[in-house]
1. Please compute the Kirkwood hydrodynamic radius over region 21-156, one decimal place, Å, based on all pairs of different Cα atoms.
2. Could you put 123, 296 in order, starting from the residue whose Cβ has the fewest other Cβ atoms within 10 Å?
3. Could you list, in their original order, any pairs among 71/196; 23/95; 38/230; 42/299; 40/251 whose Cα atoms are separated by more than 23 Å?
4. Measure off 7 Å from each Cα along the Cα-to-Cβ vector at residue 202 and residue 88, then give the distance between these two points in nanometres to one decimal.
5. Using only alpha-carbon positions, what ratio does the radius of gyration of region 209-267 give when scaled by 2.2 N^0.38 Å?
6. Among 124, 184, which comes first, then next, by fewest other beta-carbon atoms within 10 Å?
7. Arrange the following residues from fewest to most other Cβ atoms within 10 Å of their Cβ: 291, 249.
8. If R₀ is 30 angstrom, what is the calculated FRET efficiency for the pair residue 114 and residue 44, using the beta carbon separation as r and rounding to 0.05?
Amino acid sequence: MAGHLGNVGSRMPLAWILSDQPKAEATLALLRMATRDKTKEKKKYGCQGDPAPPVGLGMVKTDNGTGLRSKDVVGSLLGTSASYTAVRTYASADKPYVERLFGTTESVLLKLIHGYTGRKAGELPGYDAKANGVLDIDELYGILTRFFIDEYPSMRHMGVGMGGRRPAEVIKELNEKRGLYTPLPEDQRRIHLGWKSEVTPNDEGVRVFGGIWYNSNEFQKAIDREPRGKVAVFVDPDNVTEATAIIPDVKGEFRLQLQVTAFAELTISEVLEVTQAYLKENPDVTEIYEDRIASERRKRFDQLKKTGVERNLPRSHSTFEEVRNKAASVFSGARVVPSPKDFPTVRPGDINSGLSGPGVLSIGEGETITDDLHGDPASDSIEGTSEAAAEATSVDGAEDPEAARPPETKTIDPKHRPIGRPKTKGTFK
């Protein structure tokens, strides 16, 4: 089953998914894609054109499939302030725009793909579609993605109001003249279209799917003021960078930030893939530092862009139950913790400035920071020190004890260590 959502005014495809079962989970994945940015799909599958931007939902018409008229889907649509219309059974004229796109997609694209089964039983006598089905779900989804981003929006459309114009041209014109539907607020989108988890907060925030931590100052203050039981946390499975939390009997929602920055902008499925790949190489690890996760992510970035979490999945998306079960296995006995913060580093240009401390290692012996910070660095040599000592001798040959004293070593308190080059006057405050 191929699901599709499009913009009626421009005939521009907004979202598309593949699924073996047209259930509510697949429909919600379709709605999430329509309301989010699709640049990731463009880069992943090598598209040249620009996909439709994220938009809000105005009116959604569906047929009578169980996954489309589900109470979860209808409730989510109403929560996003969209209008919902269920069309009549066997009345294709109630949704001509959708039927037209499916017809074009089938005649232009699907008939050319290995394993095409035909529109009805017996349409292709003598052709074994199962034996010729050589594409996996990710390859097929890539073909559809390139078609809906590069090819279909550039085709001339003769539908009502189109007059032979191309969808890519029309959506730009609509955006310039009257604007598209305003994208949904992120918190509202996560609450009504995302995945909900009931978790108990602690001093570190909240943890969802076994090892993804979120927190914010406002959320932690609210929890500290009046400790409660479980809270509801909503996550967008297509981007885990932020989450939304609702505390029972507390007005409003709280936007939470991801605490493991190495997971930023990944999908939940990609988070599990990266973590699982690292644990396979280090099976005895119980604490995974986030810099190591980031290194694993860089190493496998190209692979993550081209493959799903599992091979041969019967759909282009993962379900909540699949991810929850896999997360319990991946994060069992292990957790991701922040990397140490005391990495020895210095600002560019300060490595030879005469400072000492974290990040600056002494080369040679007897090097100190002296009070004389005005002179030319080239003159700070053994010969220069000897000349200064000779000038300290008085005319009658007697040494002046104060003048002959070697330069006093200056100790800089680490708390007051300057940022950048050394100061030449005054004190550090």
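Where a number appears in this text, it was derived from the coordinates with a stated rule and is not lab data. What you see is a predicted model; the values in this text were computed from it and never measured. Every residue, glycine among them, receives a Cβ derived from its backbone with ideal geometry; neighbour counts consider all protein chains shown.
1. On the way: mean 1/r = 0.0587 Å⁻¹.
Kirkwood hydrodynamic radius for region 21-156: 17.0 Å.
2. Working: 123 10, 296 21.
Sorted ascending by nearby Cβ count, the order is 123, 296.
3. On the way: 71/196 16 Å; 23/95 20 Å; 38/230 33 Å; 42/299 21 Å; 40/251 35 Å.
The pairs that break the limit, which is 23 Å between Cα atoms, are 38/230; 40/251.
4. 5.9 nm
5. Working: Rg = 11.7 Å, N = 59, 2.2 N^0.38 = 10.4 Å.
Computed over Cα atoms of region 209-267, the ratio equals 1.13.
6. Working: 124 14, 184 23.
Lowest count first: 124, 184.
7. Numbers: 291 14, 249 6.
Result, fewest neighbours first: 249, 291.
8. On the way: r = 22 Å, r/R0 = 0.73.
In this case the efficiency is close to 0.85.
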